[in-house]
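Just so it is clear, none of the values below were taken in a lab; they were calculated from the coordinates. A quick note: this is a predicted structure, and the numbers were derived from the prediction, not measured. When we count neighbours, we look across all protein chains shown, and the Cβ atoms used for this are built from the backbone with ideal geometry, even at glycine.
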Amino acid sequence: MQVYGWVEDNETAIMRHVVEFKGLFPEQKITTNVIRDWCGAIVSSRKVQRVLAKNFNRVNHGKVSYYI
C-alpha cells in the first residue's frame, strides 16, 4: 500500500488501521469486513482475515466471527 510517497506492506497497514479503529471505536467488534471497509477496501477480505488471524484470537466461526 502506498501512502503519501512511501510504501508500506499490507500487514503493517492493516494493523495500523486496526489500532486506529480500536482507538476510535473501542466498543465495536473487530471483524474482517469492518477492517476491510475501514482500510478503504484496498486490500482483499482474505488478506485482512489472514492478518487478523495471525495477530488476534478469533471468536466463533463464519459470518459471526470477530477478533479479540
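A quick yes/no check of all residues on (1) assigned to a strand (DSSP E or B); (2) in contact with a Lys or Arg (Cβ under 8 Å, 6 or more places away or on another chain); (3) in contact (Cβ under 8 Å) with a residue 12 or more places away in the chain:
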{"residue": "Met15", "(1), (2), (3)": "no, no, yes"}
{"residue": "Gly23", "(1), (2), (3)": "no, no, no"}
{"residue": "Glu27", "(1), (2), (3)": "no, no, no"}
{"residue": "Val34", "(1), (2), (3)": "no, no, yes"}
{"residue": "Gly40", "(1), (2), (3)": "no, no, no"}
{"residue": "Val43", "(1), (2), (3)": "no, yes, yes"}
{"residue": "Val48", "(1), (2), (3)": "no, yes, yes"}
{"residue": "Leu52", "(1), (2), (3)": "no, yes, yes"}
Picked from region 1-53 (must be closer than 18 Å to Tyr66 by Cβ and of a type in the set (Phe, Trp, Tyr)), the residue surrounded by the fewest Cβ atoms within 10 Å (Cβ to Cβ) is Phe25
